[in-house]
Amino acid sequence: MQNLEGKVAIVTGGGSGIGRATSLLFAQQGARVVVADISLENAQATVAQIAEFCGEAIAVKVDVRSDADCQRMVEQTLERFGQLDIAFNNAGIGGYPHLTADYGVENWQRVIDINLTGVFNCMVHELKAMEAGGKGGAIVNTASIMGLKGTISGSAYCASKHGVIGLTKASALEAGRHGIRINAVCPGYIETPMTTTGDDLVADKLIQAELRRAAIRRMAKPQEVAELVAWLSSDKASFVSGSAYTVDGGVTAG
Ligand SMILES: NC(=O)c1ccc[n+]([C@@H]2O[C@H](COP(=O)([O-])OP(=O)(O)OC[C@H]3O[C@@H](n4cnc5c(N)ncnc54)[C@H](O)[C@@H]3O)[C@@H](O)[C@H]2O)c1
């Protein structure tokens, strides 16, 4: 039997990068997947890839900044599949490379709204659905190694990802009595559009400098994050909750 046979999973940010790789792996492991993204077109492209190996998935447009959108995303999941077992709250943006004093409150607010409040908005409705379902569940939130440490010109991103870890721990304590496990993943440097598009040479140089100090001196493929998420989402992780797992090639080990 596959790890996620019979499960229904939501993946936010499922139209690209880590979210797409995880949607594909969830489906390969037998889950029916709701691929949610602010870009419906990209979510549909992920669904098409899943259909290629006869997996079952639907695409849903969601802006995680909107509580109403997140509510609708969960309602559509229940309408289509009748249950919700797994949620991977992963949608996020990279933020803006500015020193704190120059950051600007609008830039700050945008990063916090998507990366932190977005995870909160999703969890509110996912938890209600899982509690009502009465069969427990597993939630994984995407933080970052920047949820564990700081980086220059990354104040909002770091704050948002530290916040995701705090939110994960606090809500895990509450949800345990409903059989719901909640964990966070902290990826290091992953090859996705977030890190490979754009022409920010400073960011590129910072990444290369960080990788020279890592245990595994390369960036990761999104699939290497997806493997951890799939395990945390499966019943094999039955005693794992309230934790933040690095998947960073040892970049934070030194
Ligand atoms: N790539 C890395 O090196 C890295 C490292 C650590 C953490 N992360 C985190 O991983 C997550 C996924 O990032 P990725 O690298 O796959 O990037 P990505 O840009 O490939 O994917 C992000 C996805 O989120 C979606 N999205 C953005 N804003 C949204 C919104 N308001 N509502 C719904 N969807 C929205 C985008 O459309 C996109 O499909 C993010 O939370 C990011 O912070 C990435």
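Out of the residues in region 90-142 meeting the condition of being in a loop (DSSP other than H, G, I, E, B) and out of contact with any Ser or Thr (no Cβ under 7 Å at 6 or more places or on another chain), tell me which one is farthest from residue 230 (Cα to Cα).
Looking only at region 90-142, we keep the residues that are in a loop (DSSP other than H, G, I, E, B), and these are 90-99, 103-104, 134-136.
The next check asks that each one be out of contact with any Ser or Thr (no Cβ under 7 Å at 6 or more places or on another chain); those that pass are 93-96, 104, 134-136.
Numbers: 93: 22, 94: 23, 95: 26, 96: 30, 104: 37, 134: 22, 135: 18, 136: 16 Å.
So, considering only residues that are in a loop (DSSP other than H, G, I, E, B) and out of contact with any Ser or Thr (no Cβ under 7 Å at 6 or more places or on another chain), the one farthest from residue 230 (Cα to Cα) is 104.
Determine which single condition residue 140 fails, assuming it passes every other condition in (1) surrounded by fewer than 20 Cβ atoms within 10 Å (Cβ to Cβ); (2) within 15 Å of the ligand (Cβ to nearest atom).
Checking residue 140 against (1) surrounded by fewer than 20 Cβ atoms within 10 Å (Cβ to Cβ); (2) within 15 Å of the ligand (Cβ to nearest atom), the one that fails is (1).
Taking strands (runs of 3 or more DSSP E) that do not extend beyond region 1-67, which have at least 3 residues that are hydroxyl-bearing (Ser, Thr, Tyr), within 16 Å of the ligand (Cβ to nearest atom) and buried (at least 23 other Cβ atoms within 10 Å of the Cβ)?
Values: elements: 8-12, 32-37, 57-61.
No strands (runs of 3 or more DSSP E) qualify here.
Test each condition in (1) within 15 Å of the ligand (Cβ to nearest atom); (2) modelled with pLDDT of 95 or more; (3) over 30 Å from residue 31 (Cα atoms) for residue 228 and report the one that comes out false.
(3)
Of the conditions (1) within 16 Å of residue 19 (Cβ to Cβ); (2) in contact (Cβ under 8 Å) with a residue 60 or more places away in the chain; (3) part of a helix (DSSP H, G or I), residue 87 fails just one. Which one is it?
With (1) within 16 Å of residue 19 (Cβ to Cβ); (2) in contact (Cβ under 8 Å) with a residue 60 or more places away in the chain; (3) part of a helix (DSSP H, G or I) applied to residue 87, the lone miss is (3).
Would you tally the residues in region 164-191 being in contact (Cβ under 8 Å) with a residue 40 or more places away in the chain and over 22 Å from residue 150 (Cβ atoms)? Break it down into steps so the answer makes sense when it comes.
Residues of region 164-191 in contact (Cβ under 8 Å) with a residue 40 or more places away in the chain: 164-165, 167-169, 171-173, 175-176, 178-190.
Checking the rest, the ones that are also over 22 Å from residue 150 (Cβ atoms) come to 171-173, 175-176, 178-183.
Going through region 164-191 one residue at a time, the tally reaches 11.
Check whether at least one residue in region 160-167 is assigned to a helix (DSSP H, G or I), of a type in the set (Gly, Ala, Ser), over 12 Å from the mean Cα position of the chain (by Cα) and crowded, with 24+ Cβ neighbours inside 10 Å, and report yes or no. Walk me through it before giving the result.
Residues of region 160-167 assigned to a helix (DSSP H, G or I): 160-167.
In the following step, the residues that additionally are of a type in the set (Gly, Ala, Ser) were identified as 160, 163, 166.
Next cut, over 12 Å from the mean Cα position of the chain (by Cα) only: 160, 163, 166.
Remaining after also requiring crowded, with 24+ Cβ neighbours inside 10 Å: 160.
Scanning region 160-167 turns up at least one residue that is assigned to a helix (DSSP H, G or I), of a type in the set (Gly, Ala, Ser), over 12 Å from the mean Cα position of the chain (by Cα) and crowded, with 24+ Cβ neighbours inside 10 Å.
Across region 211-225, what is the total count of residues that are crowded, with 17+ Cβ neighbours inside 10 Å and either more than 12 Å from the ligand (Cβ to nearest atom) or at pLDDT below 90 (or both)?
In the first step, residues of region 211-225 are kept if they are crowded, with 17+ Cβ neighbours inside 10 Å; the result is 214, 219-220, 222, 224-225.
Those left that are additionally either more than 12 Å from the ligand (Cβ to nearest atom) or at pLDDT below 90 (or both): 214.
Result for region 211-225: 1.
Search region 153-181 for residues being within 16 Å of the ligand (Cβ to nearest atom) and touching a strand residue (DSSP E or B) at 6+ places or on another chain (Cβ under 9 Å), and hand back the single one that is nearest to residue 211 (Cα to Cα).
Residues of region 153-181 within 16 Å of the ligand (Cβ to nearest atom): 153-168.
This time we only want the ones that are touching a strand residue (DSSP E or B) at 6+ places or on another chain (Cβ under 9 Å), so: 161, 164-165, 167-168.
Numbers: 161: 20, 164: 24, 165: 23, 167: 29, 168: 27 Å.
Restricting to residues being within 16 Å of the ligand (Cβ to nearest atom) and touching a strand residue (DSSP E or B) at 6+ places or on another chain (Cβ under 9 Å), the top hit is 161.
The values are calculated or read from the model by the stated rules, or taken from the named source; none is laboratory data. Keep in mind that what you see is a predicted model, and the values were worked out from it rather than measured. Ideal geometry is used to build each Cβ from the backbone, glycine not excepted, and the neighbour counts take in all protein chains shown.
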